């Protein structure tokens with residue numbers, strides 16, 4: 001990613017160690033705490049085999065099901081992780097059953113035709129299409145799917 005912030009060697013009134021937890025915007029902007037680096041997105045799944053099959057249809061090199069925790073690298077340096085509900089309930093016994101999803105996993109496709117082809121491939125494999133591909137007013141070909149656990153998955157590519 002671009003270099004939009006730089007780490008200070010020492011912030012006034014703080015030790016170098018304390019200063020290392022802050023950044024200053026390019027051009028001398030506001031100080032702000034450094035944030036942890038996002039490395040993975042975890043999916044708690046009721047049916048790991050179906051979830052892995054779904055994400056494999058999106059082009060992710062998914063592992064074979066079987067372990068209670070599996071993960072796969074995705075372009076951009078992130079990992080997707082799948083944990084079975086059984087494993088997560090061992091860690092968090094009072095985990096509530098989801099009533100609605102609050103995040104969307106968005107996958108950039110090669111082009112508009114790839115959005116259509118990916119959507120068709122996933123739906124033809126028996127998974128739920130939420131919104132068929134359309135040309136969105138913000139200049140992208142866009143579609144929504146649902147993964148086997150009800151998570152919303154977006155497919156998009158720039159138009160033209």
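Values quoted throughout were computed directly from the atomic coordinates according to the rules given, and no laboratory measurement underlies them. Only a predicted model underlies this, so the values are computations on that prediction, with no experimental measurement involved. As a convention, Cβ positions derive from the backbone with ideal geometry for all residues, glycine included, and neighbour counts pool all protein chains shown.
Sorting 50-59, 129-138 by average packing, meaning the other beta carbons within 10 Å per residue, from highest down gives 50-59, 129-138. For a label point 7 angstrom out from the Cα of residue 37 toward its Cβ, which stretches of region 57-99 have the backbone nitrogen within less than 11 Å? So the set is 77-78. Between residue 90 and residue 121, the modelled label-to-label distance comes to 3.4 nm, taking each label 7 Å out from Cα in the direction of the beta carbon. Starting from the Cα gyration tensor of region 40-158, take the square roots of the eigenvalues, sort them a ≥ b ≥ c, and report rounded, prolate or oblate (rounded when a/c is under 1.5, otherwise prolate if a/b is larger than b/c, else oblate). Note, shape of region 40-158 comes out prolate.
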